[in-house]
Amino acid sequence: MRLPQPEKSSARPGLLVIFVVLSIVLTTLWFREGATGPVHRLRNGVQSVAAPVETAGEFVTRPARSFLRWGSDLGVSRSQLETLRTQNDELRRRVSDLEEARLENIRLRKLVAFVGANKGRSLGARVIGRPTNSWEGVITIDRGTADGVRQGMPVVGPQGLLGQTIDVTSRSAKVRLITDPRSGVAAMVQSTRAEGIVRGSIEGNLSLDFVSRETTVRAGDVVISSGMGGVYPKGLIIGEITTVKSSPAGLYQDIVLAPAGSLSGLEEVVVLISATTQTNQGGGE
């Protein structure tokens, strides 16, 4: 019986030793010689020869690599897509919240500037209810008797006078706007000091009544509260005159105003707590 002969090893340890020694020698020469040494020049020469080949290879394989990247994107799992959608929704919500905060900051700055120009204690409030029909100018705010609000208190917005409180509960109050047909504000033309009564209308415009034909009034003049009657403090901006007409047979001029305080985009108001107030639910002062 023949015993198996041991296989001869094909490894060549002598060649491995030669490569190791050669690597050590080249590394030593690399660090000891200068930038112009033979090893450095040899490397630069090899790089110069290989550069065009490398460029050509990159150009040739670029379409294939792009296709592979596109193919790998198709392999996105459903869970990854859901995660991306959730992150996108969250980012949109944050952007919306930041924009809302920015707009609210602008509105509050205007209110603070307006209230700062008028002396007295005031209370900020939010609009929580708007007119339910076209012929009634009444809004609801989120302040009431628990906050110190009483019936007959003036309410202003960023541009000027809005109205006065008419129905107050512990946590809310209704405000009759000066554009309501039942409202009336003692007023004067700021430039000429001509006095009259500002009344509302179903259309939402204002009229300045009882101004004599002998008084000079022009479009563009600002109308403010006169303070007569004690309901509204003096000097609150009511609106700007848009048209002035006179009838030969009439005693007074027909004057139309554009209200300074608009409901469009109105979300915050200020109640003038310390103003001297009297109940004025309709009619004039």
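The values are calculated or read from the model by the stated rules, or taken from the named source; none is laboratory data. Since the model is a prediction, treat every value here as computed from it, not as a measurement. Quick reminder, even Gly has a Cβ in these numbers, built from the backbone with ideal geometry, and neighbours come from all protein chains shown.
Miscellaneous remarks
- Scanning segment 216-241 for residues that are exposed (fewer than 14 other Cβ atoms within 10 Å of the Cβ) and polar (S, T, N, Q) turns up just one, Thr216.
- Cβ-Cβ under 7 Å pairs, at least 6 apart or on other chains, segment 40-69 side in the same structural domain as Thr28 (by TED's automatic domain parsing), far side at pLDDT 70 or above: His40/Glu33
- Between Asp142, Asp167, Asp147, Asp180, the distinction of being within 20 Å of Gly227 (Cα to Cα) and of a type in the set (Asp, Glu) belongs to Asp180 only.
- So Ala146, is it more than 32 Å from the chain's Cα centre (by Cα) and among the hydrophobic types (A, V, I, L, M, F, W, C): no
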